[in-house]
Amino acid sequence: MGAEELNYRRFFTVNELICLRIEDIKVFQKTHSLISQLVKSGQIQGLRVDHLDGLYNPEHYLRRLRTKCGDDLYVVVEKILEKEETLPEDWPIQGTTGYDFLNQLNGLFCNRANERAFNAIYRRMVDHAPIYDDWMIDRKRLIAATNLVGDVDNLGHRLKSIAGKYRYGRDFTLSGLRKAILEVMVQFPVYCTYVNEDGVSDRDRAYIHHAVSKAYKRIPQLQNELAFVEKVLNLNYEDVLTEAEKAEWLHFTMRFQQFSGPLMAKGVEDTLFYVYNRLISLNEVGGHAGTFGISVDEFHRFNQRQLAQWPHTLNTTSTHDTKRSEDVRARLNVLSEIPEEWNEQVQRWQVLNDPYKLVTKKRTIPDPNNEYFLYQTLVGAFPVSDDPQEYQTFVERIKAYVVKAVREAKVYTAWLRPDTEYEDGFVTFVERILKDSDQNEFLAEFRPFHRKIAEYGIYNSLSQTLLKLAAPGVPDVYQGAELWDFSLVDPDNRRPVDYDERLSYLQEIKRRCQTDLKSLLCDLKATRHDGRLKLFLITRALAARQQYQAVFEKGDYVPLVVEGERADHIVAFARTHAGQSAIAIVPRFLSSLITPDQDPYGKAVWGDTAIVIPAHLKGPWQDALSDLNHRDQAHVPICKILQTFPVALLVNGGNG
């Protein structure tokens, strides 16, 4: 098989996509000549560098790119940052493509108080206690031993050649070195280190030591081989080494780095995230599904770090690579608020749909884990519209999606070894439970529950949209996400977008904002399922960003204290610069405060909850979304702020 014997480097595990040696100056110049021309002519003002960790020398590539295209070019990199990992501060870029922000923002709407309840639900579903970190290592080991086995073998041969030149390494077998390399890769806590001819940073030494220490515990019988791997990765050269021998060590290390990233991506994003299904809104690119939500303080600290280090990084909520769209996640996060009700629903659905499963001597199709994955997917993506054609299209999308999902999971079937019995059995199960008929008890029970989740999901979506537009960084709106978008992973999220419809909506919104804003807000509320509500928010917030450009580009980030009985349900922060200020205020966890058909407005909902305005932030204030005015005071009641729209963006004119 191609995965076992390779004499070239691939894009991940795709044998047909052969990688270029972009570190070769001739290759770089050839492949970047057109890009350079477009930049110099002014047709391109920014570049997004994808799959940066696949490069032989990422830092040198970025510096070479700067030299060729100029210091004024806006450059962001697709860099997946693990928990507590930070972007190297000396890279000549503006930041990342925004997955770090996405996962912080998403975690804000996952109710961490219910983690134990969701652990119990998932344990009942899969009949054991899944430990996320153990599953992650297991899936990475699976990929290293199968899809990337040829790459590991090549590294083994390279290290064997190095070891054979030294007395202490001559007895190392190829098999032992391969096992040591594989285990260190599997235990790596981040996608990639960035060792190069400039040396090894303290950051990278710590990650290497972590991986080797974990590997020692797994394969203690190979402690000498592991010690040698660590020695080479840290470039702990001996005095007797020639320059050519040092170059061999460095080359091995940099090649090792080129494969640790693909292993993490394939093992976690493209395998584990289809297997570990506790709450799939957390299974997102750059995310850590073992972390069940974050606190408001954690969110504020993240934004303060971004402002200090990467003030112009991208903030995204959906991309071409996300596992599900921002609005699907917004719905699914509602489940984190209602574990008891969710558990009851799932158990009821299992009973109703049990007759539709394919039972063989060896297995039941789908298995409980896949069934649980499917129910969550339906909650997140099910259409609100009653249009029969839209519903039938949705069913076809789900049928295609479950085949991709189980192949990515690599438990029963895979892309290279498809098990048609399992795949066909799962598709048939989908067809049966989604058959639109009066006799379908599952749909009769599912639809009311879904409508409830969908209503709360609207508020989650509006809240996360405003936070993205107001936080430090550059907001990124993915194609189609200007309205509600309930897409799943590619190719589902790359369907054609109706831009004419969006342009028509946008023109109407702008016109009516000038003539009768109050009437427009009433209409948007009444027709909230068509997505214009979201487009209105984006339009108004971007207009405020344009009017107060310095505030959002350079402004300080001030977390605001929220007081009162509903304080945990409000997230608020201010951006301030040269006397001008903007305050973003959004609700969360609304399922315990309002019914699905109730608006999150007024004193009956918010009681005495208020935001505390620091003395240096001067009003009066105007809501840039609803045009409501608020006087200058130290405590502003939420019931006064949220009167006609679910979120607020207060601005002042200041004296700037």
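Every read-out reported here was derived from the displayed coordinates using simple, explicitly stated rules and does not represent laboratory data. Since we're looking at a predicted model, the values are computed, not measured. Methodologically, a virtual Cβ is constructed for each residue, glycine included, from the backbone with ideal geometry; neighbour enumeration extends over all protein chains shown.
Go ahead and run the numbers for FRET between His312 and Val351, Cβ-Cβ distance against an R0 of 60 Å, rounding to 0.05. So, using R0 = 60 Å, E works out to roughly 0.70. Given +1 at the Cβ of Lys and Arg, -1 at the Cβ of Asp and Glu and no other charges, the dipole of the chain around its Cα centre is 620 debye to the nearest 20.
With all projection directions averaged, the alpha carbon convex hull of the chain covers 31.9 nm².
Couplings 3J(HN,Hα) of the range 409-417, computed from phi: 5, 6, 8, 10, 8, 7, 4, 8, 9 Hz, in residue order, whole Hz [Karplus 6.51 cos²θ - 1.76 cosθ + 1.60, θ = phi - 60°; x for Gly and Pro].
Couplings 3J(HN,Hα) for the range 503-513, derived from phi with the Karplus relation 6.51 cos²θ - 1.76 cosθ + 1.60 (θ = phi - 60°), are 5, 4, 4, 4, 4, 5, 4, 5, 5, 6, 4 Hz, where x marks Gly and Pro. Beta bridges per DSSP, both residues in the chain: antiparallel share near 80 percent.
Straight-line cross-link reach from Lys435 at under 20 Å between alpha-carbon atoms covers these aspartates and glutamates, not counting any fewer than eight positions away in the same chain: Asp354, Glu371, Asp386, Asp387, Glu390, Glu396, Glu423, Asp424, Glu445. Take the Cα radius of gyration of the range 254-410 and divide it by 2.2 N^0.38 Å, N being the number of residues; the result is 1.23.
The length gained by stretching the chain between Glu390 and Ile25 to full extension, at 0.36 nm per residue less their Cα-Cα distance, is 126.3 nm. Treating each Cα of the range 86-126 as an identical point scatterer and summing with the Debye formula, the log10 of I(q)/I(0) at q = 0.29 Å⁻¹ comes to -0.97. Its Cα centre serving as origin, the range 551-656 has a Cβ charge dipole (Lys and Arg +1, Asp and Glu -1) of approximately 200 debye.
Only one residue of Leu314, Leu617, Thr242 has its Cα farthest out toward the positive end of the dipole of the chain, where Lys and Arg carry +1 and Asp and Glu -1 on Cβ, and that residue is Thr242.
Which pairs break 22 Å Cα to Cα here: Lys452/Lys534; Lys179/Lys266; Lys79/Lys217; Lys40/Lys468; Lys79/Lys404; Lys217/Lys323? From Lys452/Lys534; Lys179/Lys266; Lys79/Lys217; Lys40/Lys468; Lys79/Lys404; Lys217/Lys323, over 22 Å: Lys79/Lys217; Lys40/Lys468; Lys79/Lys404; Lys217/Lys323.
Counting neighbouring beta carbons within 10 Å and listing from fewest to most, the residues Ser581, Ser201, Ser161 come out as Ser161, Ser201, Ser581. Coupling constants for the range 280-288 follow from the phi torsions by the Karplus curve (6.51 cos²θ - 1.76 cosθ + 1.60, θ = phi - 60°), and in residue order they are 6, 5, 8, 8, 10, 3, x, x, 10 Hz; glycine and proline get x.
Amide hydrogen proximity for Leu47: with H placed 1.01 Å from N in the peptide plane, the residues at 5 or more positions away or on another chain lying under 5 Å are Tyr74, Val75, Val76.
Amide H contacts of Trp484: Gly531, each under 5 Å away and 5 or more positions distant or on a separate chain (H built 1.01 Å from N in the peptide plane; Pro and chain starts excluded). For Phe573, the amide hydrogen comes within under 5 Å of the amide hydrogens of Leu560, Ala584, counting only partners 5 or more places away or on other chains and with H modelled in the peptide plane. Distance from the Cα centroid of the range 98-139 to that of the range 448-518 is 27 Å (rounded to whole angstrom). Which one of Asn370, Val149, Leu535 is farthest out on the positive end of the charge dipole of the chain, using unit charges on Cβ (Lys, Arg +1; Asp, Glu -1) and the Cα centre as origin? Projecting each Cα onto the dipole axis, the largest value belongs to Val149. In a shell of Cβ-Cβ distance under 15 Å around Arg407, excluding Arg407 itself, what net charge do Lys and Arg (+1) and Asp and Glu (-1) give? Its environment carries a net charge of -3.
Each Lys and Arg contributes +1 and each Asp and Glu -1, all at the Cβ; summed about the Cα centre of the range 448-602, the dipole is approximately 260 debye. Diffusion coefficient (Stokes-Einstein, Kirkwood radius over C-alpha pairs, 37 °C, 0.692 mPa s) for the range 551-656: 236 µm²/s, rounded to a whole number.
Distance between the C-alpha centres of the range 18-42 and the range 156-173: 37 Å, rounded to the whole angstrom.
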